[in-house]
Amino acid sequence: MLTHPTHDRLLALGLTGIAKALEEQRRSTAFDDLSFEERLGILVDREAAERDGKKLASRLKFAALRQDASVEDLDLRTSRGLDRGVMAHLADGAWIARHENLLITGPTGLGKSWIACALGHKSCRDGRSVLYQRAPRMFEALALARGDGRHERILKTIARMDVLIIDDWGLAVLTAPERRDLLEILEDRHGRASTIVTSQLPVEHWHDAIG
């Protein structure tokens, strides 16, 4: 069988990983001593890696994380109250599997958003769906959606996310519609999914911010 028609057929079938790996095997003598099963295994592994990469890129694009951050780059040497054991526990994602929530609080400049985005990035790599939202923009989008019929659809999208990141919470007192939206979001996600909230507002003042 001719190699090029096979390569083109693989591309037409969407098997780009196998097509690339087959071309590499055709051009290199390093694979000559391998058995058929071994060479086939390399092709299949390459296809799986290619598909995983595409899925990750899609999850990251949808998540729209504010910062390009990863847990591996987290600097624990800086004195800002971060505990190495706690961060390792958060990075392993078991708390997400238990549908627990995370509050990241502290003054401006602490790196709250960066930590939230790093955990969101790790969640995407772990195969979970993630959505990043700045609280003011989220409420603005929901207000606009209420007028054009998209409100319920957006709430359903938020509800089905494995991890929702609400950044910059508590910058202003909520209006009545915003309070209702917040209640719907948290009610939909309670016990079903995890939410990360970052805020420079101390937790004891959150009741006032909710109004």
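Every number here is computed from the coordinates shown, using simple stated rules; none is lab data. Because the structure is a prediction, the values reported are computed rather than measured. Every residue, glycine among them, receives a Cβ derived from its backbone with ideal geometry; neighbour counts consider all protein chains shown.
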Give me P(r) over the chain, computed from all C-alpha to C-alpha distances, binned every 5 Å, as integer percentages. 1, 6, 12, 14, 14, 11, 9, 7, 7, 6, 5, 3, 2, 1, 0
Ordering 181-191, 25-35 by per-residue average of other C-beta atoms within 10 angstrom, highest first, gives 181-191, 25-35
Tabulate in residue order the Karplus-calculated ³J(HN,Hα) for the stretch 157-162, using 6.51 cos²θ - 1.76 cosθ + 1.60 with θ = phi - 60°, rounded to whole Hz; enter x for Gly and Pro. 5, 4, 5, 8, 5, 5
In whole angstrom, the spacing between the Cα centers of the stretch 169-190 and the stretch 1-79 equals 42 Å
Rg and Dmax of the stretch 3-62, Cα atoms only, in Å: 13.0, 43
Set of lysines with alpha-carbon distance to Lys122 below 26 Å, sequence-local pairs under 8 removed: Lys54, Lys55, Lys61, Lys112, Lys156
Quick one: what are the phi-derived ³J(HN,Hα) couplings along the stretch 120-132, Karplus 6.51/-1.76/1.60 with θ = phi - 60°, whole Hz, x for glycine and proline? x, 4, 4, 5, 4, 5, 7, x, 9, 7, 9, 9, 9
